[in-house]
Amino acid sequence: MKKLGLSLLLLFITQISSWAQEGSIQIQVKQNGAIVPINNGVVHLKSNDFVFEVTSNNIESFLIGATFDKDIYRSALGEADLEVPWFESTAVADEMFNPNKELIVSDEAPSYWFYTNASDHRFDRNPKGNAKHWVGSRTIKVLNDLANYKNIPLTKFKDTVYVFFYSPVYDDEYNLTKVITLSNIILKFN
């Protein structure tokens, strides 16, 4: 009976540990210091800088695919039948502390955002927390359009950017086996 109790306790602890390692992120979009509502996955923004505020629970890093192409975005969501190059490419590493205040836009490669500690991350300076639970802000003033080798200031942008936050899962040979969608947002600028 004692062994059964210990076995059940061990099973319970293992299940809780497995569950706790499944993380999540919450994304808020802010402009002029105010939270901009996300309605049905769409955020309407003025053509000006904004901030992604990321709250993470048990996720140290994730990838962001940003595109001007609605069909690539829909395919990432599983709504269309195109290949999603983000899922097969090596990620682009943004600079530490977000000095350029940019969002990299590419149909070919995602960006890699992470938080290890206050001195090792891809967010604006002074994020809060630890590797298990943290809050980081990332100010965006420019869209870095990799395909066309140009930076687009948001003050001159009046279109849509599709943003897909995800976590890839790989097997032992580093083959992608699964994509875990963490968040997806359509940014409409006017």
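The values are calculated or read from the model by the stated rules, or taken from the named source; none is laboratory data. Since this is a predicted model, take the numbers as computed values, not measurements. When we count neighbours, we look across all protein chains shown, and the Cβ atoms used for this are built from the backbone with ideal geometry, even at glycine. Just so you know, the surface numbers come from the protein's heavy atoms only, side chains and all, with ligands and any DNA or RNA stripped out. Shrake-Rupley method; radii C 1.70, N 1.55, O 1.52, S 1.80 Å.
Before moving on, here are some points about what is shown:
- Annotation: residue 88 carries an accessible surface of approximately 140 Å², with a 1.4 Å probe and no ligand, DNA or RNA atoms counted.
- When the solvent-accessible area of the chain is split by element, carbon and sulfur atoms take up 51 percent of it, the probe being 1.4 Å.
- Whole-angstrom Cα spans of region 136-190 along principal axes, big to small: 45, 24, 22
- Most positive-pole-ward Cα, 80, 155, 61, against dipole of the chain from beta carbon charges: 155
- At R0 = 45 Å, FRET efficiency that the Cβ-Cβ distance of residue 190 and residue 57 yields, to 0.05: 0.85
- Helical runs (DSSP H, four residues minimum) scored at -39500 (n - 2.57) apiece and divided by the length of the chain put the mean residue ellipticity at 222 nm at -5000 deg cm²/dmol.
- Checking every one of the chymotrypsin sites (Phe, Trp or Tyr not before Pro) in region 97-157 against DSSP loop status and a limit of 10 other Cβ atoms within 10 Å picks out 149.
- Whole-Hz ³J(HN,Hα) from phi, Karplus 6.51 cos²θ - 1.76 cosθ + 1.60, for region 82-97, glycine and proline x: 9, 5, 10, x, 3, 6, 10, 9, 6, 6, 8, 8, 5, 6, 4, 6
- Within-11-Å neighbourhood charge of residue 80 [Cβ basis; K, R +1; D, E -1]: -3
- The local environment of residue 124, defined by Cβ-Cβ distances under 9 Å, has a net charge of +3 under the rule Lys, Arg +1 and Asp, Glu -1.
- D by Stokes-Einstein for the chain, Kirkwood Rh over Cα pairs, 37 °C, 0.692 mPa s: 184 µm²/s.
- Greater than 27 Å apart at Cα, pairs in 132/158; 70/101; 132/188; 101/128: 132/158; 132/188
- Karplus-derived HN-Hα couplings along region 148-153 (A = 6.51, B = -1.76, C = 1.60, θ = phi - 60°), whole Hz, x at Gly and Pro: 9, 6, 9, 9, 10, x
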